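In what follows, a structure is listed as structure tokens, so that the remarks can point back to it.
What follows draws every value from the coordinates through simple rules; no lab data is involved. This structure is a prediction, so every number in the text was calculated from the model and none was measured. Neighbour counts are summed over all protein chains in view; Cβ atoms, including those assigned to glycine, are modelled from backbone coordinates with ideal geometry.
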Amino acid sequence: MSTLSQDSSNQSAEAQSESAAKAKDEQPMLQIWGGRPLEGHVQVSGAKNSALVLMTGALLASEPCRLSNVPALADIARMGEILTALGVGITQGKHVLEIDPRHITKTSAPYELVSQLRASFFAIGPLLARMGEARVPLPGGCAIGARPVEIHVDGLKQMGAEVYIEHGTVHAYAKKLKGARIYMDYPSVGATETLMMAATLAEGETVLENAAQEPEVVDLANFCRSMGAQIQGAGTNTIVISGVPRLHGTDYQIVPDRIEAATFLTAGAITRSEITVEALVPGHLTAAIAKLKAIGCQLISDKPDALRIVPGDVLRGVDIETLPYPGFPTDMQALFVALLSLCEGSSVVTETVYENRLGHVPELKRMGADIKIKGNNAMIQGVPQLSGAPVTGTDLRASAAMVVAGLAAHGQTTVQGLHHLDRGYDNIEAKLRSLGAKIERIDPVAKV
Ligand code: EPU
């Protein structure tokens, strides 16, 4: 009896893993024939992490807003669905979004949508400031870490909001938020954005101390200022916001995506190719440029919004530690681990921002990289070449690192897990093909 039931449970485990494997086989994937040099120019899209937060920022306005240079991404579509569920009008054009927040009908965001897009939690600040209440489900963790939101919540409480968590949802109420001096325990990007947005419509002055300094925070401040907000100090660790009674509509262009720019620069370096990455802001890439130079690449600015990468004959390993901006960005860590795996000598890459962001290492090892993980360190010993393999991207930036590694690897690499990649890269394969890469998207279901 017991043997029988064990057999049947084994069978069902086998059946389960078979159907999981079948489901995986049916997912779209990228096929890359690596080892070919790249050449030419490539254009960077608007910044995903700016676009997402600016979309929530539009909730603050009493009039329609227009955003341009919006990347075409799965995450942007999801944020559009969340805003639609709140009663916001959304009209989408090519890289343009018209957002009409005049008639918000709901202050409660649906769990099914928020759980798919962590950034949608950032709507809590503007909803609360404009509507006096917000109910947003806790987004939960993801592949790279637990990603709590207590800094957002503590800050809103310090601004006079009543905030409590019930049944997995954060409930926040405040007839009128009040300005406050808020010290953040960590310069969280999202918490800085949440509190800065909330403060724009609060009574009196808010000072955010130990604020995040990322370019996306500055972009949000500029967007809010274009709607009439009074914000000073964005881009430093102290931001001062004087509340105003209302914000008007605006027409605003999103900054270029510095992480996408770094993706193409590392693609140039790893394939030892001279390419030009255009429509970027070099000042947003200071840490990446410094590391690429230390590795042995020249970065030449032929015009103010472009960088040409010229890899040297010998590329050497360097050590990197991820930090809040202007330190080396965690979102570029996986890309540089891929690059360093093909640089001479040893490198140590330390991830300090997230507790679990080295998921790309086992995949790179499958391609022949020599990397050991010790705690939050990736200890890399450069190898002369990688060999193409089937690999899976475990999160957005890990997927991009697989693509970059596949461009350099000998033979064919198949990258699975494209639902991650498509969250943050606007048509990456077409852009890489324009640089001469041999890369195809295979959609097994579409072919049937
Ligand atoms: N943290 C807390 N408590 C909080 C908030 C954050 O402990 O209340 C911790 C997080 O768990 C994490 C660290 O602080 O360990 C940094 O988190 P942060 O809040 O700065 O990140 P975020 O706002 O959630 C944004 C980007 C991320 C990027 C980080 C860091 C968006 C939509 N996302 O996330 O982007 O990694 O800043 O620069 O803006 C990506 O694009 O792939 C991505 C993950």
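Quick notes on this one:
- Each label point was placed 7 Å from the Cα along the Cα-to-Cβ direction; for K94 and E112 their separation is 3.3 nm.
- Under the Karplus curve 6.51 cos²θ - 1.76 cosθ + 1.60, θ = phi - 60°, whole-Hz ³J(HN,Hα) for segment 321-326, x wherever Gly or Pro sits: 10, 6, 8, x, 4, x
- Fully extended contour minus Cα-Cα distance, from A72 to D443, at 0.36 nm per residue: 131.6 nm
- Between 0 and 90 degrees, the angle of helix 215-226 with respect to the longest Cα principal axis of the chain falls at about 30 degrees.
- Distance histogram for segment 353-439 (every C-alpha pair counted, 5 angstrom bins, percent rounded to whole numbers): 3, 15, 24, 24, 19, 11, 4, 1
- Leading residue at positive end of dipole, segment 48-253 (Cβ point charges), from L83, A234, V218: L83
- The charge dipole of the chain, taken about the Cα centre with unit charges on the Cβ atoms of Lys, Arg (+1) and Asp, Glu (-1), comes to about 320 debye, rounded to the nearest 20.
- Chain lengthening between H248 and S346 when straightened (0.36 nm per residue, less Cα-Cα): 29.9 nm
- Amide H contacts of I275 (H built 1.01 Å from N, under 5 Å, at least 5 apart or other chain): I309
- All alpha carbon pair distances within segment 103-160 were sorted into 5 Å bins beginning at 0; the resulting P(r) in whole percents reads 4, 18, 29, 24, 16, 7, 2, 0.
- Computed [θ] at 222 nm, helices only, for the chain once each DSSP H run of length n ≥ 4 contributes -39500 (n - 2.57): -10500 deg cm²/dmol
- Under a Gaussian network description of the chain, with springs only between Cα atoms under 10 Å, the residue in Q230, Q92, Q333 that fluctuates furthest is Q92.
- Full extension of the segment from D305 to Y164, taken as 0.36 nm per residue of separation minus the current Cα-Cα distance, would add 46.2 nm.
- Helix 2-25 axis, angle to the chain major axis (alpha carbon atoms, nearest 10°): 80
- Exposure proxy for V218, V281: other Cβ atoms within 10 Å of each Cβ, ordered fewest to most, give V281, V218.
- The phi torsions of segment 271-286, fed into the Karplus equation with coefficients 6.51, -1.76 and 1.60 and a -60° offset, translate into couplings of 9, 6, 10, 8, 9, 10, 9, 10, 6, 10, 10, x, x, 7, 10, 3 Hz, rounded to whole numbers, with Gly and Pro shown as x.
- Reduced Cα scattering model of segment 48-253, Debye log10 I(q)/I(0), q = 0.08, 0.09, 0.11 Å⁻¹: -0.22, -0.28, -0.42
- Across the cross-link table entries K293/K374; K372/K431; K303/K372, which are compared at the Cα atoms, the separations over 30 Å belong to K372/K431; K303/K372.
- In Hz, Karplus ³J(HN,Hα) per residue of segment 63-73 (6.51, -1.76, 1.60; θ = phi - 60°; x = Gly, Pro): 9, x, 10, 10, 10, 10, 6, 7, x, 8, 9
- Near the amide H of L138, within less than 5 Å, lie the amide hydrogens of T169, V170, all on another chain or at least 5 residues away, with H placed in the peptide plane.
- 5 angstrom amide H check on L315, placed H, neighbours 5+ away: E344
- D (Stokes-Einstein, µm²/s), Kirkwood Cα radius, segment 281-380, 0.890 mPa s at 25 °C: 175
- Loop-located trypsin sites (Lys or Arg not before Pro) in segment 227-299 whose Cβ has at most 14 other Cβ within 10 Å (DSSP): R246
- Relative contact order (%) - the chain, alpha-carbon pairs under 8 angstrom, separation at least six: 20
- Value of relative contact order over segment 48-253, rounded to a whole percent, pairs C-alpha under 8 Å and six or more apart: 21
- Cα-based helix-to-principal-axis angle, 74-85 vs the chain, degrees rounded to 10: 20
- When all alpha carbon pairs of the chain are counted in 10 Å bins from zero, the resulting P(r) reads 4, 20, 29, 24, 15, 6, 1, 0 %.
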